[in-house]
Amino acid sequence: MRLQCAGLTDTGMVRDHNEDSFLVSQTESFVVVADGMGGHQSGEVASRMAINEIESFYEETLKQESPIDLPLWPAGRRKPKSREERRLIASMVRANSVIHRAAGENPKYNGMGTTCVGAFFVEEGVMIAHVGDSRCYRLRGDELRQMTEDHSLANEYIRSKILRPEDLPSFPYKNVITRAIGLQDTVEVETNFYEHADGDIYLLCSDGLSDPVKEPQMREILMKYSNDLPRACRELIIAANTNGGPDNVTAVLAKTIY
């Protein structure tokens, strides 16, 4: 299995700075998107810090033969089985600790944090990990599927049937997230493993893309430019900005090829 990747980020049409960051690893089949929060400077710092810590962790553990340590593991939670899952979780846990400590030591970074979504590809499939409302989608054939569930107040209300999906645009707290990296001294990382197929395209993105660009338009762009991932990233960002560009927007694509 080979992996083709591309990534692009943009400030959008409203914000004056970009708090998104992303990683397309040059050494392993691994991609990440982080969307910072906390206001000017601190959000940008948080997302970049998360990407740097995750990348450093992967470099350090590339040839590590001993088991990956998972500090501060919550009691009663299922322990991850595979090495890929443990690495993903441990990298985000370390990023959480570094960001949380930095926020506590510097008043101008108080309250900073970041959402994060990452995907690690192996021959058998892909391990996806996320915290917050940055998302992963998969295009398989002509079907687009959201592979992650937002850690947000709105999604909790929808799952509890307190809120209907059609009422989401007018929901006043739709941007409130229930998990983020760096806000607390511990973080719960959600992971899922999926088998992949030849030609699958995985899209990792910030909510600056998933909010203004609805799934039918997203699907149309991915299908049209399925053989040109850099162009697909550009077109996705153009679509987000054409639809108002209310936030920073980041798109990272990974295509499996057999």
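The values are calculated or read from the model by the stated rules, or taken from the named source; none is laboratory data. These figures come from a predicted structure and were not determined experimentally. Ideal geometry is used to build each Cβ from the backbone, glycine not excepted, and the neighbour counts take in all protein chains shown. What goes into the accessible areas is simple: the full protein's heavy atoms, side chains included, and nothing from ligands, DNA or RNA. Shrake-Rupley method; radii C 1.70, N 1.55, O 1.52, S 1.80 Å.
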- [ ] Quick one: what are the phi-derived ³J(HN,Hα) couplings along the stretch 167-175, Karplus 6.51/-1.76/1.60 with θ = phi - 60°, whole Hz, x for glycine and proline?
- [x] 8, 4, x, 9, 6, x, 10, 5, 9
Task: Convex hull projection area averaged over all views, the stretch 41-150, Cα basis, nm² - done: 8.8
Open item on the list: Can you tell me which of E195, E53, E215 moves the most in a GNM of the chain? Springs connect C-alpha atoms under 10 Å apart.
Closed with: E195
Open item on the list: At 0.36 nm per residue, and after removing the present C-alpha to C-alpha distance, how many nm does the segment from E156 to E143 gain when stretched out fully?
Closed with: 2.1 nm
TODO: Mind giving me the nanometre distance, one decimal, between the label points for A197 and S66, set 7 Å out from Cα along Cα→Cβ?
DONE: 4.3
Task: Protein-only accessible surface order, largest first, of C136, C5 at 1.4 Å - done: C5, C136
Open item on the list: Just to verify a number: FRET efficiency for R83 and T186, C-beta to C-beta distance, R0 = 22 Å, to 0.05?
Closed with: 0.50
- [ ] Subtracting the Cα-Cα distance from 0.36 nm times the residue separation, let me have the gained length for D16 to D228 in nm, one decimal.
- [x] 73.4 nm
TODO: Determine the shape class of the chain: with a ≥ b ≥ c the square roots of the Cα gyration tensor eigenvalues, call it rounded for a/c under 1.5, and otherwise prolate if a/b is greater than b/c, oblate otherwise.
DONE: rounded
Open item on the list: With the crude spin-label approximation of a point 7 Å out along Cα→Cβ, what separation in nm comes out for S56 versus T178?
Closed with: 3.2
TODO: Find the Cα radius of gyration of the stretch 126-195, compare it with 2.2 N^0.38 Å by division, and give the number to two decimals.
DONE: 1.24
